[in-house]
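In what follows, a structure is listed as structure tokens, so that the remarks can point back to it.
The values are calculated or read from the model by the stated rules, or taken from the named source; none is laboratory data. This structure is a prediction, so every number in the text was calculated from the model and none was measured. Here the Cβ positions follow ideal geometry from the backbone for every residue, glycine too, while neighbour counts run over all protein chains shown.
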């Protein structure tokens, strides 16, 4: 009975979404306050019904209710409880229901915290958000119903994909979805603005928190996915330019561009059309990601589904919303007149260059991801676009972005002084070049990747620190430090995010340039050296896990006469899913990781063993954490959470007076 209630709640939420899509939009067009007021309670009810439906599905997984087809296909009684819960979204149907919970949550938040918005704009935003909900409610109910029953419930299930039975993957999809779906709010604000034909500084301030929150969640989600790939897949890498990785990276790049572009709208009332277009494209790339993950047209190790028919329906949803939005943009963009005027050398111009670099780099990733599909459809050729293409085509734009970032942050609004800004950075430039030269002189080999990456990292971090320092005035040291401590949280957020980017650049370059690798067949008792460390294979045992059988190696690591640690790499086999997984053993350190993988037994009685020394590996994810933390700091700034004109009463038409 509870399952049927969950299904019925989802159908009711679908009906409420239809009501919310139509009534407030008509009310905003006619100026009918009572019709517009329908949007807020409808958004709340829609969220509560969807959340109840999701809670029912979660309960079915927790209690192993195998009368539900989805539970039977993705769970097992022997599975640990955390993976019973995460099994809810470790499949296509359940993940789509999670998508809907987050979509309706964002709509409800806009209703709960949107008091500063003009009544007409808020009604239109919630109406557009409901339209997105209607499309996905229909998709879930008619093609991906998570509440299908089995006539004869089996005694046990078929278990969850073993690759998904991991803490990193437990939290990776929810954070990604918070980012993907969060960009729907930016899209809804953009469409509402196009319908009204009005974008001003207040609109720029309203749209920024939603975009910032989505970008922050995407950052965390991408970092978790990268961390999972690093320690779980046993390949020793952190990014493989997999289509699903690219699916989340593309909206992240566009969202970063949108954040910076919205600042120009807020500060100077310029780049209005461009900002609206970025908001549309950011959500468009989120929908493209949903298509890539679920259609099966592109192969990935962690796609949710392989169903071209349902993938085609998502492609239709993408075409309807993106095509409709771009058509509306073509008709109304001319009305979005920019008021701000600025010189070629200014903060605005630097942000435009930032937008160009981010957008073009996203386009490069898009071409590399989609081209194999296009080649197969149009030319009947099977192509593979791998890391060499992405590394060669994408890296130059990120290098250019890192070079420009500190300089652009120091330029003044409207009319900047390039000479003055450059002089402020001379010290950091000298330090960056000196560090790069020192590293190049002492490193073995002739690779320039390490020195260049370190120089860029120092340059970006130094620029962010200098930006904070220059905001502290020209008084004594203690006075300047006090002033820095009391700077607005948005300034701290910007600096922290930029420092995080510099740290990540440094970590990526250092790990790729200086990692060491050793692959061998080792007998029990063998010892060998890799770098400064000695490794010894002490034993290999067969053990029983909760729902798997594991081959676990015992290895000791020594540095001279001192034992650094013990490592226990595993090769697991899940009998229900009939699938093996590799569990790397990692000895984490601040300046390096010791990474060990055990492979299959060999004919001579030995074991395949791979050892990696990964310098500064954790700095990659530490930088991502700093970027997300910077987003949190900025989001907590009251100036960003309160509309620019929230204290003003809206005009009778519901529009905000021009500033």
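Here 525, 589 are screened, and the one residue that is over 25 Å from residue 229 (Cα atoms) and not in a strand (DSSP E or B) is 525.
The condition of being under 23 Å from residue 273 (Cβ atoms) and either touching a residue at least 12 places away in the same chain (Cβ under 8 Å) or surrounded by 17 or more Cβ atoms within 10 Å (Cβ to Cβ) (or both) holds for only one of 352, 403, that being 352.
Residues in the range 110-135 that are at pLDDT 95 or above and surrounded by fewer than 24 Cβ atoms within 10 Å (Cβ to Cβ) were compared, and the one that is nearest to residue 38 (Cα to Cα) is 131. Among residues belonging to the range 461-482 that are within 16 Å of residue 411 (Cβ to Cβ) and in contact (Cβ under 8 Å) with a residue 40 or more places away in the chain, point out the one that is surrounded by the fewest Cβ atoms within 10 Å (Cβ to Cβ). Across the range 461-482, the extreme among qualifying residues is 470. Filter the range 542-581 down to the residues that are in contact with a strand residue (DSSP E or B) (Cβ under 6 Å, 6 or more places away or on another chain), part of a loop (DSSP other than H, G, I, E, B) and closer than 20 Å to residue 83 by Cβ and list them by number. Result: 548, single match. Just one of the listed residues (70, 5) is within 30 Å of residue 156 (Cα to Cα) and in contact with a helix residue (DSSP H, G or I) (Cβ under 6 Å, 6 or more places away or on another chain), namely 70.
Go through (1) more than 15 Å from the chain's Cα centre (by Cα); (2) under 30 Å from residue 515 (Cα atoms); (3) in contact (Cβ under 8 Å) with a residue 24 or more places away in the chain; (4) surrounded by fewer than 24 Cβ atoms within 10 Å (Cβ to Cβ) and name the single condition residue 277 misses. It fails just one condition, (2).
Just one of the listed residues (289, 284) is modelled with pLDDT of 90 or more, surrounded by 19 or more Cβ atoms within 10 Å (Cβ to Cβ) and under 19 Å from the mean Cα position of the chain (by Cα), namely 284.
For the structure I just gave you, tell me whether residue 617 is touching a strand residue (DSSP E or B) at 6+ places or on another chain (Cβ under 7 Å), over 15 Å from residue 266 (Cα atoms), surrounded by fewer than 18 Cβ atoms within 10 Å (Cβ to Cβ) and at pLDDT 90 or above. No; evaluated as a whole, the condition is false for this residue.
For the range 636-654, taking the residues that are surrounded by fewer than 18 Cβ atoms within 10 Å (Cβ to Cβ) and not in a loop (DSSP other than H, G, I, E, B), the one that is modelled with the highest pLDDT is identified as 638.
When residue 13 is tested against (1) touching a residue at least 24 places away in the same chain (Cβ under 8 Å); (2) over 29 Å from residue 575 (Cβ atoms); (3) out of contact with any helix residue (DSSP H, G or I) (no Cβ under 6 Å at 6 or more places or on another chain), just one condition goes unmet, and that condition is (3). For the range 421-428, state whether one or more residues are under 33 Å from the mean Cα position of the chain (by Cα), touching a residue at least 24 places away in the same chain (Cβ under 8 Å) and under 21 Å from residue 500 (Cβ atoms). Yes. So, in the range 510-533, how many residues would count as being crowded, with 18+ Cβ neighbours inside 10 Å and free of Cβ contacts under 8 Å to residues at least 24 places away in the same chain? Adding up the residues that qualify gives 0. Among the residues of the range 379-390, is there at least one that is modelled with pLDDT of 80 or more and closer than 23 Å to residue 282 by Cα? Yes, there is a match, as at least one residue in the range 379-390 is modelled with pLDDT of 80 or more and closer than 23 Å to residue 282 by Cα.
Of the residues making up the range 40-54, not one is within 25 Å of the chain's Cα centre (by Cα) and over 13 Å from residue 105 (Cβ atoms). There is no residue in the range 183-194 that is closer than 18 Å to residue 293 by Cα and assigned to a loop (DSSP other than H, G, I, E, B). Within the range 195-205, the set of residues being part of a helix (DSSP H, G or I) and closer than 19 Å to residue 329 by Cβ comprises 195, 196, 203, 204.
When every residue of the range 212-232 is checked against the conditions, none turns out to be in a loop (DSSP other than H, G, I, E, B) and either crowded, with 20+ Cβ neighbours inside 10 Å or modelled with pLDDT under 90 (or both). With respect to the conditions (1) touching a helix residue (DSSP H, G or I) at 6+ places or on another chain (Cβ under 6 Å); (2) farther than 30 Å from residue 204 by Cα; (3) modelled with pLDDT of 90 or more; (4) surrounded by 16 or more Cβ atoms within 10 Å (Cβ to Cβ), residue 86 falls short on a single one, namely (3). Before we move on, is residue 99 surrounded by fewer than 16 Cβ atoms within 10 Å (Cβ to Cβ) and either out of contact with any strand residue (DSSP E or B) (no Cβ under 7 Å at 6 or more places or on another chain) or touching a residue at least 12 places away in the same chain (Cβ under 8 Å) (or both)? Judged against the criteria, residue 99 is not a match.
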